[in-house]
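The values are calculated or read from the model by the stated rules, or taken from the named source; none is laboratory data. Computed from a predicted model, the values in this text were never measured in an experiment. Neighbour counts run over all protein chains shown; Cβ positions are idealised from the backbone, glycine included. Heavy atoms of the whole protein, side chains included, go into the accessibility calculation; ligands, DNA and RNA do not. Shrake-Rupley method; radii C 1.70, N 1.55, O 1.52, S 1.80 Å.
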Amino acid sequence: MSKDNVVVGFVGLGTMGGPMAANVQGAGFKLIVHDLHRQAASHHLAAGAIWADSPRALAREADVIFSSLPEPSDVEAVALGEDGLIAGIKPGAAYFDLSTNSPSVVKKLNAAFALKGAHMLDAPVSGGPAGAASRKLAIWIGGDENVFDRHKAVLDAIGDKAAYIGPIGSATVAKLVHNMSGYALVCALAETFTLGVKAGVEPLALWQAVRQGVPMRMCNLTLAEMTEALARGWGGRDSRSVMLLQQERAGVKIAVDPERLGEALAPAIPGSR
């Protein structure tokens, strides 16, 4: 699709959605917008965007739709409500939810839109408000890969790292894992750095000198994992061997073909997806 013949709809013009929608508009796409508060769209409207009185009205005009909303319940209401997107969605249209959603809600929406002959994909983002404004934003997409390919140009207008993850719900799981990992690290760092600062070390000097944890609750759990790995006779392996313990408990084996891993780690090739 070229920019001249595709209409992009955007619902939710808050801290994240507002700048993302502005980037779509800045890239030259025709934009139709909706938010609970029309004032949130003032800059978009001033730049030529069209206002829709409801998600339903927006869906009637848009070829590709994005939503950026606070909670899964908000997404469900906007998508499936009486005056929601599904009531006006055009056959063949694509709906990308940029929110951090729940896998069950994502799959429910995907099934509902499929009955209307439309496509729903989960597309959570990572990069925060600054990334939303600067377009330095990762977008993970789950759903029909052909639909992802078809609308890659619009996704690239929103973020500089749009990546297809897998079937519907995959991107949401990836985002939740990403968040969990980040929060766990923050908790560990909070404990270790408060200990160091309380002991009298200047914070910046501590960060420059240490950059690693000290024994407290999270670190004691880490020590227990390391000790268990050593008891298995894994002393000759590196510290990542503790990941095998979690794989055993979860009943899964995480392995990637070395060639595919090498490709993923290689510097991005200009023009590649």
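Does Ala264 satisfy being open to solvent by less than 100 Å² (accessible area, probe 1.4 Å), closer than 30 Å to Ala94 by Cβ, modelled with pLDDT under 85 and aliphatic (A, V, I, L, M)? Can you show your working first?
Numbers: open to solvent by less than 100 Å² (accessible area, probe 1.4 Å): yes; closer than 30 Å to Ala94 by Cβ: yes; modelled with pLDDT under 85: yes; aliphatic (A, V, I, L, M): yes.
So Ala264 passes the test.
Would a scan of the stretch 17-28 turn up a residue that is polar (S, T, N, Q), farther than 21 Å from Ile168 by Cα and open to solvent by 10 Å² or more (accessible area, probe 1.4 Å)? Break it down into steps so the answer makes sense when it comes.
Initial filter on the stretch 17-28 (polar (S, T, N, Q)): 23, 25.
So of that shortlist, the ones also farther than 21 Å from Ile168 by Cα come out as 23, 25.
Still in the list and also open to solvent by 10 Å² or more (accessible area, probe 1.4 Å): 23, 25.
Yes.
Looking at the stretch 1-19 only, could you name the residues that are hydrophobic (A, V, I, L, M, F, W, C) and more than 17 Å from Gly48 (Cβ to Cβ)? Even if it seems obvious, please write down each step before you answer.
Kept after step one, since they are hydrophobic (A, V, I, L, M, F, W, C), are these residues of the stretch 1-19: 1, 6-8, 10-11, 13, 16.
If the condition is that a residue be hydrophobic (A, V, I, L, M, F, W, C) and more than 17 Å from Gly48 (Cβ to Cβ), then Met1, Val11, Met16 are the ones that fit.
I need the full set of residues from the stretch 107-130 which are more than 17 Å from Gly169 (Cα to Cα) and of a type in the set (Gly, Ala, Ser), in order please.
We begin by selecting, within the stretch 107-130, every residue more than 17 Å from Gly169 (Cα to Cα); these are 115-117, 127-130.
Answer for the stretch 107-130, where residues must be more than 17 Å from Gly169 (Cα to Cα) and of a type in the set (Gly, Ala, Ser): Gly117, Gly127, Gly128, Ala130.
Being closer than 29 Å to His119 by Cβ and free of Cβ contacts under 8 Å to residues at least 40 places away in the same chain is the filter here; which residues of the stretch 175-212 pass it? Steps first, answer last, please.
Kept after step one, since they are closer than 29 Å to His119 by Cβ, are these residues of the stretch 175-212: 175-180.
Answer for the stretch 175-212, where residues must be closer than 29 Å to His119 by Cβ and free of Cβ contacts under 8 Å to residues at least 40 places away in the same chain: Val177, Met180.
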